[in-house]
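Structure first, commentary second.
The values are calculated or read from the model by the stated rules, or taken from the named source; none is laboratory data. Quick caveat, the model's predicted, so the values are computed rather than measured. When we count neighbours, we look across all protein chains shown, and the Cβ atoms used for this are built from the backbone with ideal geometry, even at glycine. We work out accessible area using only protein heavy atoms, side chains counted, and drop any ligands, DNA or RNA first. Shrake-Rupley method; radii C 1.70, N 1.55, O 1.52, S 1.80 Å.
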Amino acid sequence: MKNITKSVIALFAVLALSCSVEDVEDRPVIQGIDTPELVAPENDKSYVLLEENANDVAERFVWTKATYDGDVEIGYKLLIDVKGGDFTKAIELGGTSGATQVEVTVKTLNNAIIALGGTPDVLGSYDVKVMSSLSGVQNMISKTPLTILVNAYTGLLAYSFTDWYLIGGAVEGGWDNNVDTKHQPMFRGGVNPNIYKFTGYFNAGNFKLISVKGSWASQLGNAGNNTIEIKDNAGEFTISASGYYTFTFNVETLAYTLVPYNAAAASVYSRIGFLGSSRTGTDAGWSGDDSEMTVSAFSPHVWSMNISLFDGKGKFRANNAWDKNWGGDTEFSGFTGNGASGGDIPVAKSKYKIYFNDLDGSYLMLPNQE
């Protein structure tokens, strides 16, 4: 009986395999015939890109229709690479489903040139091709590239704020003002940029602030009578006993406060991360694991990271989960009552150095990093 059962099972297995093989053999294989080729603009056309025209159309690229041996819906991607590049690291300028033309804005073209290593304000040569595809299976790319000449602008974000870094024996990094030394920046108000705040751990000792790491030229310090001064060789603030404090100052009114902070009940997180549509430029950036930040060796509540972001939004969360998260309403910076909130932080495309404080949700996102 067992042998009969085994024979029946084997017979069904052979029949199933035969059907599968026949299905594959009978399935039509669509082959690409003619690649899509660019017909507009003209070859070697020159573009001088201006930041004030970022949202204008720089060019409408037009190409011939790709042909396959079947009636199929064809997708297209417009790609750009350095002159003579092999397009393995090309940047996508846009895409369509069926249409054989696409408009590219000044900002999109400029961002691609900068991403390819182009030098701002220098005319460079770049190759453009079109790739066609059928559900990502059968890809064909232009045989002949179209060359364009582009003079790009820097692409740097407008950032007119002054950042102040803690320096001294009471804070991380000590008195060494070297640019590579870790110095905690103050968190700047998102609604009122004249107000700066930091809540965290201080050693017993003195400190002041500098606005340019590696330079003593501009200092912010203690002028006495609960006021600050901004000048060379500014006075020092004093921490009499090690512990947690909240330090706040206003560069417009020149007032400051330095008061103890009770951190005994504060949660200590094993992980803080950043996520959002700004990570990928699409809503996919909200899914999966967040981008993990690095905790300070000086304080378990201060985090930082370097990251390249796109236009979009983002926020911070603890332990790669949503039960504890922080956001904001203002770009670049904010703290509780002055920009930080439960909302999504607006982000513009740039390379950032990000600082975050889990004690109060303060954040500082410094753009235009190398």
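Taking the mean number of other Cβ atoms within 10 Å as a proxy for protection, how do you rank 151-158, 319-326 from highest to lowest?
Numbers: 151-158: 16.1, 319-326: 13.4.
Ranking the peptides 151-158, 319-326 by packing returns 151-158, 319-326.
With +1 assigned to the C-beta of every Lys and Arg and -1 to the C-beta of every Asp and Glu, and no other charges, what is the dipole magnitude of the chain about the Cα centre in debye, to the nearest 20? Write out the running numbers ahead of the final one.
Numbers: 27 positive and 41 negative charges, 196 e Å.
Using only the charged Cβ atoms, the result is roughly 940 debye.
For the chain, with all protein chains in place and a probe radius of 1.4 Å, 52% of the accessible heavy-atom surface sits on carbon or sulfur. Summarised in one figure, the compactness ratio Rg/Rh of segment 38-152, Cα atoms and Kirkwood Rh, is 0.98.
Rounded to the nearest 500, what is the 222 nm mean residue ellipticity of the chain from helices alone, with -39500 (n - 2.57) per DSSP H run of 4+ residues and division by all residues? Working shown, then result.
On the way: 2 runs with 35 residues, N = 370.
That comes out to -3000 deg cm²/dmol.
Measuring nothing but alpha carbons in segment 92-238 and taking Rh as the Kirkwood radius, the Rg to Rh ratio lands at 1.26. Each part reduced to its alpha carbon centroid, segment 148-185 and segment 336-370 end up 14 Å apart. In the context of the full set of protein chains, the chain has a per residue accessible area of 50 Å² (1.4 Å probe).
For segment 264-370, what class follows from the C-alpha gyration tensor (a ≥ b ≥ c being the square roots of its eigenvalues): rounded when a/c is under 1.5, otherwise prolate if a/b is larger than b/c, else oblate? All intermediate terms of the calculation are to be shown ahead of the outcome.
Values: a/c = 1.43, a/b = 1.37, b/c = 1.04.
The shape class here is rounded.
Our Cα-only numbers for segment 193-245 put the radius of gyration and Dmax at 11.8, 30 Å. Would you mind pulling out the separation of the Cα centroids of segment 270-328 and segment 50-83, in Å? So the two Cα centres are separated by 33 Å. Between A217, A170, A265, the GNM of the chain built on Cα springs shorter than 10 angstrom shows A265 fluctuating the most. Counting only residues at least eight positions apart within a chain, or on another chain, the lysines with an alpha carbon under 16 Å from that of K45 are K83, K129. For K208, the aspartates and glutamates whose Cα falls under 19 Å of its own Cα, not counting residues fewer than eight places away in the same chain, are D163, E172, D176, D180, E229, D232, E236, E252. In the Gaussian network model of the chain, springs joining C-alpha atoms below 10 Å, which of D71, D283, D81 carries the largest mean-square fluctuation? Per the Cα network of the chain with a 10 Å cutoff, D71 tops the list.
For the chain, the normalised intensity computed at q = 0.07 Å⁻¹ comes to -0.49 (log10 of I(q)/I(0), Debye sum over alpha carbons, equal scatterers, no solvent). Among the listed pairs K89/K197; K107/K231; K77/K351; K231/K315, those with a Cα-Cα distance over 32 Å are K89/K197; K107/K231; K231/K315.
Database remark: amide H of W326 closer than 5 angstrom to the amide H of F316, R317 (H placed geometrically; neighbours at sequence offset of 5 or more, or on other chains; Pro and chain starts carry no H). When each of the peptides 202-213, 49-60 is scored by how many other beta carbons lie within 10 Å of its residues on average, the order from highest to lowest is 202-213, 49-60. Note on the chain: dipole from Cβ charges, positive end direction compared against A115, S46, I239; the farthest Cα belongs to I239.
Which of the peptides 112-122, 359-369 is most tightly packed, and how do the rest follow, judged by the mean count of other Cβ atoms within 10 Å per residue?
Values: 112-122: 15.7, 359-369: 20.8.
The packing order, highest mean first, is 359-369, 112-122.
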